[in-house]
Amino acid sequence: MQVLQGVAGALTAITGFEKGSGKTAFLSLALPHARQAGPVALFTIGSDGAAGKPGRGHPARILVEPGDVVLTTEPLARSSEARFEILDTVPGRVALGRLILGRARRGGRVTLMGAEHFSALARALTRIHAEGWAASALIDGAVARITQIAALPGWPPIGPDSAGPAGGLQFAFTVRADRGNLARVAARIRLLDRLADLPLDDGSEPGLLRLEGPLTSEGLRALPRGTTDFSLEDFTKVFVEPPEFLRVLDSRRVLFRRRFHLLCFAVILRDLGREAFLEAVGPRVAPRILFNPYEAA
């Protein structure tokens with residue numbers, strides 16, 4: 001569980017392949033570790049299931065303690081077991097009312113609610129950090145929105161003793177694997193593991209080809225003949241299937257102009273042994289695997 005100590009003092013986005021991959025369970029597991037640095041800000045992306053539509057899942061319901069800051073709506077805050085002081089309102093509305101930033105005065109469970117526009121979430125995070133309302137933040141990705149990590153603000157550690165990464169922005173990737181999806185899951189994990197460790201383009205190479213925007217398979221084929229080195233803005237701009245881009249990484253030098261720290265892969269296995277999973281992903285990935293967060297909780 002030592003890996004979870006890295007959420008203290010950092011902004012951690014929790015994302016994954018699909019609904020039901022364990023994102024909210026991982027948030028609940030990481031929350032006590034984040035509190036080691038002080039109050040925690042808690043968010044969800046989107047509001048899947050909030051209106052009770054069939055097949056849309058369930059909104060994130062989290063146990064908060066006094067001092068924690070949440071993004072929710074006024075009606076949900078009033079109906080919560082907890083009690084909240086309203087710190088700010090967030091532009092826009094969702095189906096369940098006006099969005100607020102609330103600080104818990106009494107502990108209890110509360111339903112998180114995502115902002116309609118991702119920019120509102122980014123502004124709220126910036127305000128929380130600037131005001132010192134929370135030392136850490138955990139963001140539950142209601143669906144697999146890994147590309148939106150790039151839109152989150154940096155969150156530099158507040159104190160010199162923070163355990164968070166440089167720049168304060170990181171992500172955890174949750175996975176539910178079984179025999180049917182093992183090959184697809186393993187390929188994606190191997191790619192993310194490689195992307196997380198690619199070197200930083202610090203601008204010191206004047207002749208380096210610097211690509212803008214998303215990179216697709218067509219974009220790869222359109223690269224100038226003889227291109228062996230190039231840089232991308234960040235890993236969220238890679239829209240190439242894992243097997244193809246892994247081959248690119250074996251034959252070319254790829255850099256990023258912005259990097260995000262990969263905290264871990266939180267893996268839940270179903271009808272699949274750990275040895276079989278580790279064999280599929282390879283020994284390089286093993287240090288980043290946190291098996292079955294439900295069991296650890």
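What follows is calculated from the coordinates using simple rules that are stated; it is not laboratory data. All of these numbers come straight from a predicted model, not from anything done at the bench. Cβ coordinates were reconstructed from backbone atoms using ideal geometry, including for glycine residues, and neighbour counts include every protein chain displayed.
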*Using amide H atoms built 1.01 Å from N in the peptide plane, name the residues 5+ places from THR72, or on other chains, whose amide H lies under 5 Å from its own.*
ILE100, GLY102, MET113
*In terms of modelled amide H atoms, which long-range or inter-chain residues lie less than 5 Å from the amide H of LEU290?*
PHE265, ALA266, VAL267
*When the dipole is taken about the Cα centre of region 164-281, and only Lys, Arg (+1) and Asp, Glu (-1) are charged at their Cβ, what size is it in debye, to the nearest 20?*
180
*Treat every Asp and Glu Cβ in region 217-284 as -1 and every Lys and Arg Cβ as +1, leave all other atoms uncharged, and give the resulting dipole magnitude about the Cα centre to the nearest 20 debye.*
320
*Which is farthest toward the positive dipole end of region 199-256 among LEU232, PRO206, LEU220, measuring Cα position about the Cα centre, with Cβ charges +1 (Lys, Arg) and -1 (Asp, Glu)?*
LEU220
_Taking R0 as 22 Å, what FRET efficiency do you get between THR89 and ALA122 from their Cβ-Cβ distance, rounded to the nearest 0.05?_
0.85
